[in-house]
Amino acid sequence: MRIGVIVRGATLCLFLASPFLGRAQFQEPTKEELAMTSDPKAPGAAAVYLYREETADDALHYHSYYERIKVLTEKGKELATVHVPYEHGNFKVTDIKGRTIHADGTVIPLTAKPTDLVEVKTKGFQVNTMVFTLPNVEVGSILEYRLQLRYEDNWVSSPTWDVMQPYFVHKAHYFFNPSHSGYITNSRGQNLNRLMWALRAGKDDKVMENTRGQYVFDVTDVPPIPSEDWMPPLNSLNWKVKFYYTQYNSGADFWMNEGKHWLKEADEFAAPTNTLRQAAGQIVSAGDTDEQKAHKLYDAVMKLENTSFTRQKSGAEIKREKIKQVKDATAAWEQKRGSSDDLALLYVALARAAGLQAWPMAVVDRNRALFDPEYLDVGQLDDYIAIVKIGDKDVYLDPGEKMCPFGLLHWKHSYAGGLRGSAGGPGYGTTPPPTYTQSVMQRIGDLYVEPDGSVRGTVRYVLSGQEALHWRQLTLRNDEDEVKKQFDESLRESMPDGVQATFDHFLALDDYSSNLIAVVKINGSLATATGKRFFLPGLFFSSHAKHPFVEEKRTVPVDVKYARTEKDDVTYHLPEGYSVESGPQTASIPWPNHATLQIKAQPGSNSVEIARTLAYNFTVLDPKDYDSLHDFYQKVAAADQQQLVLTRTAVAKGN
């Protein structure tokens, strides 16, 4: 059962576009705008927005949008092509006007007709994109355009204003005239007689209401949408204003009542029927502990066909195989199949049928967004997980994620917010953050260095947690050649120059309760010769790696997705006649309560073993912690550049 089937009943209209484009009159450019070649408020920017205006009018049933953009570099010319997504049938794009103004004041009007492209089309639903390109754009041009998006008279479409844009915005004006008809209802027939809004912007920015019940938002000097590596989802960073028609008095009132509706629907789906009680009785034993019961039921659900990971069947196949729609947990069990959400709720139902305390939880996919309680829409929730009480502890499980071990959440569901059930009813919840011990990548290398400096050998990648889950799920959705290609690509950034790594095969691929082992063949040129010495990378996997967090400053949080551990244990077998002159120094580099690096070299008679462990136990860091993170990784990068030096052993001459 998809979450949207349960929770999106209160949505007013499926408005997929941020309401595009304008009613404002074109403005004459100033001399300063025409002459502009850079912008001190946006150093190095490819373009800047001189002005943006957006109007939403639910009394007249249109949204309009107007933009003036100054192109500063070749890359900025990309903004000349405008894409306007909209829901075909209920909305239509009209009144498109545009022009390009060159730096010398020459005006070239838009005369070409826009192109209307079909993006998504299903039974009863279609999304199109209207595309047009402003003419003769040069570096230094001003782009100017407007359009309207109209919708049916029996619809309302409260706006969402995306205040941040890809480039710096000098000034923007937003206006909303809501419907005052008093006859707005949602799909459940509830009268929506109030208006609320959520605001994320600068600390002094405010939405103002005038005496006619209309809303105005004016803003200046808006920074661009953040674009850095290792960022959390943009919905937690972008400035925006979102309006809601609602029957509720507050956000807390919304979540309390909509949470009750959500939990009622989820509990009805996950009802522990007699069929499920009989099934649970066959899976567990009377003498089992609660943990043993929970684990056995989890394994039973994991054996079922998860249709979120298999090829979608054709209508003919569904008819031939007599496959019915999964309407509840009992149907999922009887058909031995279901979607990820179906199977997560089936697990809740089986756990309850076995006498365990269990509840559903709906979370936001952290790869897409973060849960925002000010965003008053239960439809922001993406996926179901399960919570089972074992002893006095809530254990979070992910039975809808094929190949996910018992006790582990897929990282996109860890440290994720949403709604959860409990003995006291629905409420907010956040899943536990992952720990560094849950996801480990161990690389065990057995490498032979030849007298000519070449190397050959084998590396065994021993993967657990998220590392193993990624590759197991990838094999469910791709053929063997594609998996091999992607694994080989993942190896390249950790290989020294001149060395080739080739994936050979997996071990324990189908056993999600065991570590996944990947066998990799190594060959190539490794050592650099100087006189009687060979110089090799001391830390085989790290010497060529691209280290993160090299920038001096950062203004947005760091999100590494999940905590993890890297453990490397490489044995170099020395060529005959060589010994170790020097190698990596033993090191212990701590970042208290966050991360640590350990390095140790152990020479043998004809070999040297070098071990390296890097562990970090954080998921999201505040920008104020960035200096410490940067300093730690600078030390890691320096330690990883240490060399192993071999020297040719002197041969004693005879008498």
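Annotations for the structure displayed:
- Computed over the chain, the per-residue total of -39500 (n - 2.57) for DSSP H runs of n ≥ 4 gives a 222 nm mean residue ellipticity of -5500 deg cm²/dmol, rounded to 500.
- Equivalent ellipsoid of segment 29-92: semi-axes from √(5λ) of the C-alpha gyration tensor, largest first, are 30, 15, 9 Å.
- With the convex hull drawn over the C-alpha atoms of segment 84-163, the volume per residue is 126 Å³.
- Evaluated with a Cβ-only charge set (Lys, Arg +1; Asp, Glu -1), the chain carries a dipole of roughly 900 debye about its Cα centre, given to the nearest 20.
- Basic side chains Lys and Arg get +1 at the Cβ, acidic Asp and Glu get -1 at the Cβ, and with that the dipole of segment 3-245 about its Cα centre reaches some 640 debye.
- Loop-located trypsin sites (Lys or Arg not before Pro) in segment 509-554 whose Cβ has at most 11 other Cβ within 10 Å (DSSP): LYS546, LYS553
- Taking amide H as placed 1.01 Å from N in the peptide plane, MET130 has its amide H under 5 Å from the amide H of VAL84, TYR86, LEU117, each at least 5 places away in sequence or on another chain.
- Histogrammed with a bin width of 5 Å, the alpha carbon distances of segment 3-245 distribute as 1, 6, 13, 16, 18, 17, 13, 9, 4, 2, 1, 0 percent, first bin at zero.
- Cα gyration tensor category, rounded, prolate or oblate, for the chain with a/c compared to 1.5: oblate
- Rg/Rh ratio calculated on Cα atoms of segment 576-655 (Kirkwood radius): 1.22
- One chain, two ends: GLN190 and VAL519. Fully extended at 0.36 nm per residue, the span grows by 112.5 nm beyond their Cα-Cα distance.
- Net lengthening on full extension, LYS41/LYS75 (0.36 nm per residue, minus Cα-Cα): 10.4 nm
- The charge dipole of segment 365-517, taken about its Cα centre with unit charges on the Cβ atoms of Lys, Arg (+1), Asp and Glu (-1) only, comes to about 460 debye.
- Averaged over residues, the count of other Cβ atoms within 10 Å places the peptides 280-293, 342-355 in the sequence 342-355, 280-293, highest first.
- Principal axes of segment 433-588: Cα extent on each, largest first, Å: 51, 42, 24
- Label-point separation in nm, ALA587 to ALA271, each point 7 Å along Cα→Cβ: 6.3
- Dipole of segment 412-562, positive end: most advanced residue of TYR436, LEU469, ILE517 [Cβ charges, Cα centre]: TYR436
- Our note on the geometry: Cα centres of segment 225-263 and segment 381-457, 25 Å apart.
- Residues in segment 529-558 reached by a label modelled at LYS624 [backbone nitrogen below 19 Å; 7 Å Cα→Cβ]: 553-558
- When the chain is described by a simple charge dipole with +1 on each Lys and Arg Cβ and -1 on each Asp and Glu Cβ, the residue from TRP333, VAL156, THR647 located farthest towards its positive end is TRP333.
- Cβ-Cβ FRET estimate between ARG460 and ILE225, R0 fixed at 51 Å, reported to 0.05: 0.75
- Modelled spin labels at ALA316 and ASN257, positioned 7 Å past Cα toward Cβ, are 5.0 nm from each other.
- FRET efficiency estimate (nearest 0.05) - Cβ-Cβ, LEU234 to ASP104, R0 30 angstrom: 0.20
- Within segment 581-655, trypsin sites (Lys or Arg not before Pro) in DSSP loop having at most 16 other beta-carbon neighbours inside 10 Å: LYS653
- At 0.692 mPa s and 37 °C, Stokes diffusion of segment 264-370 via Kirkwood alpha-carbon radius, µm² per second: 224
- Additional length obtainable on full extension of the chain from GLU552 to GLN643, 0.36 nm per residue less Cα span: 30.1 nm
- Computed from Cα atoms, the angle from the helix 274-283 axis to the main principal axis of the chain rounds to 10 degrees.
- Derived scalar couplings between HN and Hα for segment 97-112 equal 9, x, 7, 10, 10, 6, 4, 8, x, 4, 10, 10, x, 6, 10, 5 Hz in order, rounded to whole Hz, by the Karplus curve 6.51 cos²θ - 1.76 cosθ + 1.60 (θ = phi - 60°), x for Gly and Pro.
- Filter on LYS336/LYS412; LYS600/LYS635; LYS92/LYS121; LYS75/LYS553; LYS336/LYS402 - keep pairs with C-alpha separation over 18 Å: LYS336/LYS412; LYS75/LYS553
- Angle in degrees between helix 466-477 and the longest Cα principal axis of the chain, rounded to the nearest 10: 70
- The share of alpha-carbon pairs in segment 151-218 lying farther apart than 21 Å comes to 37%.
Computed from the coordinates by the stated procedures, all read-outs in this text should not be read as laboratory data. Just so you know, these numbers come straight off a predicted model, no measurement behind them. As a convention, Cβ positions derive from the backbone with ideal geometry for all residues, glycine included, and neighbour counts pool all protein chains shown.
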